[in-house]
1. Among the residues in segment B:68-85, are any more than 14 Å from chain A (Cβ to nearest Cβ) and within 16 Å of DNA strand C (Cβ to nearest atom)?
2. Looking at this structure, is A:Phe131 outside any helix (DSSP H, G or I) and surrounded by 15 or more Cβ atoms within 10 Å (Cβ to Cβ)?
3. Hey, does segment A:40-59 have a residue that's modelled with pLDDT of 95 or more, open to solvent by less than 50 Å² (accessible area, probe 1.4 Å) and within 30 Å of A:Ala173 (Cα to Cα)?
4. Return the residues of segment B:98-128 that are surrounded by fewer than 20 Cβ atoms within 10 Å (Cβ to Cβ) and within 10 Å of the chain's Cα centre (by Cα); say none if nothing qualifies.
5. Any chance you could count how many residues in segment B:167-191 are assigned to a helix (DSSP H, G or I), open to solvent by 10 Å² or more (accessible area, probe 1.4 Å) and more than 7 Å from every other protein chain (Cβ to nearest Cβ)?
6. Could you check, for segment B:76-97, whether at least one of its residues is of a type in the set (Lys, Arg), open to solvent by 40 Å² or more (accessible area, probe 1.4 Å) and in contact with a helix residue (DSSP H, G or I) (Cβ under 7 Å, 6 or more places away or on another chain)?
7. Name the residues in segment B:146-158 that are open to solvent by 20 Å² or more (accessible area, probe 1.4 Å) and not in a loop (DSSP other than H, G, I, E, B), would you?
Number of protein chains: 2
Amino acid sequence: MFALHTRQYLLMTKAETTRLGILQKAFGLIYRNGYQATSIDDILVDSPVTKGAFFYHFKNKEEMGLAMIQEIMYPGMYDVMIKPLAGSANPVQEIHLMMTNLFLKVPFFEVKYGCPAVNLIDEMAPLNAAFHKALGKLITEWQQAMETSLGNGKAAGIVRADVDPKQVSCFIAAGYSGIRNMGKLLGTPCYTSYLHELKNYLTRLQ
Amino acid sequence: MFALHTRQYLLMTKAETTRLGILQKAFGLIYRNGYQATSIDDILVDSPVTKGAFFYHFKNKEEMGLAMIQEIMYPGMYDVMIKPLAGSANPVQEIHLMMTNLFLKVPFFEVKYGCPAVNLIDEMAPLNAAFHKALGKLITEWQQAMETSLGNGKAAGIVRADVDPKQVSCFIAAGYSGIRNMGKLLGTPCYTSYLHELKNYLTRLQ
DNA sequence: AACTAAACATACTAACCAGTATGTTTGCAT
DNA sequence: ATGCAAACATACTGGTTAGTATGTTTAGTT
């Protein structure tokens, strides 16, 4: 996850490499410490990039943050959270599999630090309209993907007719976001506990 | 919610009033802007309290933050989240009622800014051990209360025998925490949507 | 080789921050 | 009323912050 989605390093110009390097370093720090608590100087420490280069590539810190969401976070989350749901035969199974992978198979994520997207929503959505919009796109598309998947399940007769896909996808997304938060306090055990109960919940939709 | 739980103003010494005033002002600002983004100067702006008074009552910013959790947040949450669950006849009903009140009847909370406890967990749990501990107490006790309530429900035959109270209370707490996060992006509609699906989920536990 | 714009590098600034040093006022016991 | 500690008030400090001003290097074109 959060691998390169632009062209490979070898095919990139030097300028593109520095820009991407800034975004990746920023992403790592912001994930652990938060956006506001991460200074530009922090991003440049132990890095060949200087402040001049930073402000050549980005007008200000906010513009860098938005680029980070769109160019690092969005592609990364798309691969693990949205792509696996496309064209699924059994939504109940696929959603649970996607979640299991998300919690246990993404090496970058650390329980202690939760989910980068959830963190950024919590911190920045109320404070900055541009961040609000960019982050809204992330979770809306995820919810859409689950909603469509559940709709397909209903059409195929796998999912019960009285299930409201929009409502259920919202409920599931909330569970994910929340357990990422609680994991910061309770550690991995609550992940597995959550996944078990999610399984129960999903099964009862069939 | 978040009313006084110490003795009334009239019975308080001037010093106690100042101290409490600082904590309440800090709570309001930290709720909206975050702990790290709220400076001590911010807390003292438009206030009769000066910096000298602040550092007379608190050793440093961290100590004030911890006092805020214990003296403002904990009592406030106890009243709305834990007390209503004690000695409940029907846990399924009581939990849903508690949540409904929590989302729609607490005037202090604003959708845009989520839940103060969830916010603080997200920001501070990974960064500060003392905050981690104080906040852990909050949600652990809440989970405990729900767990006990569900256990009683099982004993009374209202809740199904195959329900795992600990697992379910974790699942429910995660849902709450998560929808507070999502509400920052999607507004009140997702609150009602969540409450409906929570009702469905809880009903299936009977 | 010469020119030029892109891509940096260095040094600085004004504002802000938590915390301190040092002073003054207030309330209360005697 | 006087003494004295509690409860402040004011002025400062050293470090950090986003951003700027200004200079230098690099790479591609002609």
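The values are calculated or read from the model by the stated rules, or taken from the named source; none is laboratory data. Bear in mind that the values here come from a model prediction, so they are computed numbers and not experimental data. Backbone-built Cβ (ideal geometry, glycine too); neighbour counts: all protein chains shown. Only protein heavy atoms, including side chains, enter the accessible area calculation; ligands, DNA and RNA are left aside. Shrake-Rupley method; radii C 1.70, N 1.55, O 1.52, S 1.80 Å.
1. yes
2. Answer is no for this residue.
3. No, every residue in segment A:40-59 fails to be modelled with pLDDT of 95 or more, open to solvent by less than 50 Å² (accessible area, probe 1.4 Å) and within 30 Å of A:Ala173 (Cα to Cα).
4. Of everything in segment B:98-128, nothing turns out to be surrounded by fewer than 20 Cβ atoms within 10 Å (Cβ to Cβ) and within 10 Å of the chain's Cα centre (by Cα).
5. Final tally of qualifying residues: 2.
6. Within segment B:76-97, not a single residue is of a type in the set (Lys, Arg), open to solvent by 40 Å² or more (accessible area, probe 1.4 Å) and in contact with a helix residue (DSSP H, G or I) (Cβ under 7 Å, 6 or more places away or on another chain).
7. B:Glu147, B:Thr148, B:Gly151, B:Asn152, B:Lys154, B:Ala155
For every residue, the table says whether it meets (1) part of a helix (DSSP H, G or I); (2) more than 13 Å from DNA strand D (Cβ to nearest atom).
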{"site": "B:Leu20", "(1), (2)": "yes, no"}
{"site": "B:Phe27", "(1), (2)": "yes, yes"}
{"site": "B:Arg32", "(1), (2)": "yes, yes"}
{"site": "B:Ala37", "(1), (2)": "no, no"}
{"site": "B:Asp42", "(1), (2)": "yes, yes"}
{"site": "B:Ser47", "(1), (2)": "no, no"}
{"site": "B:Gly52", "(1), (2)": "yes, no"}
{"site": "B:Tyr56", "(1), (2)": "yes, no"}
